[in-house]
Amino acid sequence: MLSTSTFARRVFHRSITRGIKCQAIRVAEFGDPEQLVEVEYDVPSPSAGNVLVKVEAAGVNPVEIYIRRGKYGKLPELPYTPGTEGAGTVAEIGAGVKGLKVGDRVFLTDTVSGHGTYAQYCLSPSSGVHRLPDNSSLEIGASIGIAYRTAWRALFLKSKMKKGELVLVHGASGGVGMACLQLGKVR
């Protein structure tokens, strides 16, 4: 059962976001950068298990170029809004979402297909929404998801790196390489 204040916040916020328009970058067909077009559309509503986030910073990753070109193994349905990583504030919560509330500062590591972070508002499954520490900027939050998750997987899940081992990070100039260096030092 919702407390009166929680219910009031959700109803009040819905009345703010329902019926308003937001801007987004959409891709209507796969191809060159010219396919990235600014559009205006209704702010989406989160379904059960999803979160609506007001995006204040979006991460840009090389994989999004491959997807936009149509040269990736898993492609979204057209049209879609690109972007997997981002950071912002929780605008609305779908039924069944626990541990988050409207107004929380968050970073995203996943979005609902077609509703990416190249928009003022995006939808994300609650499993892809994480609280952003107060001492981290939104820009940092928007850049850590893919790079650090990939680095963690490579170092600790695949290679099973242990304390005291030396690791050669070939090409430590990009996001994943830098994340490997930082995570490797901590371990």
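No value in this document is a laboratory result; all are computed from the given coordinates. As the structure is a computational prediction, the values presented were derived from the model and not from experiment. Cβ: placed from backbone, ideal geometry, glycine included. Neighbour counts: every protein chain shown.
Descriptive notes on the structure:
- Estimated vicinal HN-Hα couplings, Hz - segment 102-115 in sequence order (Karplus 6.51, -1.76, 1.60; Gly, Pro = x): 4, x, 4, 7, 9, 10, 10, 10, 6, 9, 6, 3, x, 10
- Annotation: amide H-H contacts under 5 Å for Y72 (H modelled 1.01 Å from N, sequence separation of 5 or more, or interchain): none.
- Equivalent ellipsoid dimensions for segment 35-108 as semi-axes, Å, which come from the Cα gyration tensor, largest first: 25, 14, 13
- Peptide ranges 179-185, 124-130, 35-41 listed from the most packed, as the mean C-beta count within 10 angstrom indicates: 124-130, 179-185, 35-41
- Amide H contacts under 5 Å for E92, placed H, 5+ residues apart: L52
- Dipole in debye (nearest 20) - segment 87-147, about Cα centre, beta carbon charges: Lys, Arg +1; Asp, Glu -1: 140
- 3J(HN,Hα) couplings calculated from phi for segment 32-49 with the Karplus curve 6.51 cos²θ - 1.76 cosθ + 1.60 (θ = phi - 60°) are, in sequence order, 6, x, 4, 6, 7, 10, 6, 9, 10, 8, 5, 4, x, 9, x, 7, 3, x Hz; Gly and Pro show x.
- Computed across the chain, the Kirkwood hydrodynamic radius from all distinct Cα-Cα pairs reaches 17.8 Å.
- Annotation for segment 44-139: GluC sites (Glu not before Pro) lying in DSSP loop with at most 12 further Cβ atoms inside 10 Å of their Cβ are E77.
- J(HN,Hα) series, segment 150-163, from Karplus relation 6.51 cos²θ - 1.76 cosθ + 1.60, nearest Hz, glycine and proline x: 5, 5, 4, 4, 5, 6, 9, 8, 8, 8, 6, 4, 10, 4
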